[in-house]
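This report refers to the structure that appears directly beneath it.
The values are calculated or read from the model by the stated rules, or taken from the named source; none is laboratory data. As the structure is a computational prediction, the values presented were derived from the model and not from experiment. Cβ placement follows ideal geometry from the backbone for every residue including glycine, while neighbour counts extend to all protein chains displayed.
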Amino acid sequence: MFTSLFHYISRFNTFTSEDRQIIESYFTFRQVPKKFNLIKKGKIARELFFINKGLLRLYYTKDTDDITAFIFREHLFASCYESFLRQAPGNQSLDTLEDAELLVISYDDLQTLYKKVPKMETVARKIAEQRFINAQLIFSSYILDSPEERWQKFEATQSDLLLRVPHHMIASFLGITPVSLSRIRKRLMDGK
C-alpha cells in the first residue's frame, strides 16, 4: 500500500526505516468510488491525497460550466492546494474520475509529520516547486500556443489519458470547446 508513496518521495530525500514507520502512521488508506467529490468549492480542503490508483480532477465552476484545471494521475499528490495551504475556503473542487485508492493525510497531521520527520519538508518543497513549474508551463501554453498546438502537446505527453478522461474535460483543460477539439482532431487526422 505504501510502496508507490515511498518510491515517489525517495526521489527527493532518503528515509530510514524508522522515518518510514512514522510516515505510514500518519496516512490512512481510503477507497473512493468514481465520480466522488473529495473537496467542494467554498469549503476548506482539510486533506492531501496520494493517488495509488485512479485519476482525480481539479476544476473550477463558472455559472454552470466546470473548467478542468488539472488531472492528477497515479503516484501524485493532489488537493485543492490554495485552500489546503491557507486552510481557508477555496474556489476549486476535486473529484474522482475513476475508482480510486488513496493515501490520505490531514493538514494538522502533515504539520506534525514535518516536525517528526523534517525531511518531509524538503519533499513538500520539491513537490511545490514541480507544481509551480507545471502551472507555469500550462499558463504559458495558453498564451503562446494555438489550441491545435495545445492539443498536440497533450496528445504527445499524456496520450494514455485520452482513453481514461472524457474528451469534454480534456477540452476544458486545454481552454477550448468540445466542438473545437473535435474539429482539431478531425483536421489533424485528415492531414495524416
Handout entry: Number of positions in the range 82-100 that are polar (S, T, N, Q), assigned to a loop (DSSP other than H, G, I, E, B) and in contact with a Cys (Cβ under 8 Å, 6 or more places away or on another chain)
Key = 1
Exercise for the section: Please indicate, with yes or no, whether at least one residue in the range 97-109 is assigned by TED's automatic domain parsing to the domain that holds Glu47, within 16 Å of Ala69 (Cα to Cα) and not small (Gly, Ala, Ser). Expected result: yes
Completion exercise
Per the list (1) surrounded by fewer than 19 Cβ atoms within 10 Å (Cβ to Cβ); (2) touching a residue at least 60 places away in the same chain (Cβ under 8 Å); (3) under 25 Å from Arg164 (Cβ atoms), residue check on Arg46 breaks on (3)
Practice task
Looking only at the range 105-128, decide whether some residue is among the aromatic types (Phe, Trp, Tyr), under 15 Å from the mean Cα position of the chain (by Cα) and at pLDDT 95 or above.
Solution key: no
Handout entry: Residues being part of a loop (DSSP other than H, G, I, E, B) and touching a Ser or Thr at 6+ places or on another chain (Cβ under 6 Å) - total across the range 32-45
Key = 5
Practice task
Output the number of residues of the range 101-130 satisfying the condition of being in a helix (DSSP H, G or I), in contact (Cβ under 8 Å) with a residue 60 or more places away in the chain and under 20 Å from Leu55 (Cβ atoms).
Solution key: 1
Completion exercise
When restricted to Ile39, Ile71, Ile67, the only residue hydrophobic (A, V, I, L, M, F, W, C) and surrounded by fewer than 16 Cβ atoms within 10 Å (Cβ to Cβ) is Ile67
Exercise for the section: Considering every residue within the range 113-129, establish whether at least one is of a type outside the set (A, V, I, L, M, F, W, C), under 26 Å from Asp99 (Cα atoms) and touching a helix residue (DSSP H, G or I) at 6+ places or on another chain (Cβ under 8 Å). Expected result: no
Exercise for the section: Starting from residues that are assigned to a helix (DSSP H, G or I) and of a type in the set (Phe, Trp, Tyr), keep the ones in the range 1-31 and report whichever is nearest to Tyr114 (Cα to Cα). Expected result: Tyr26
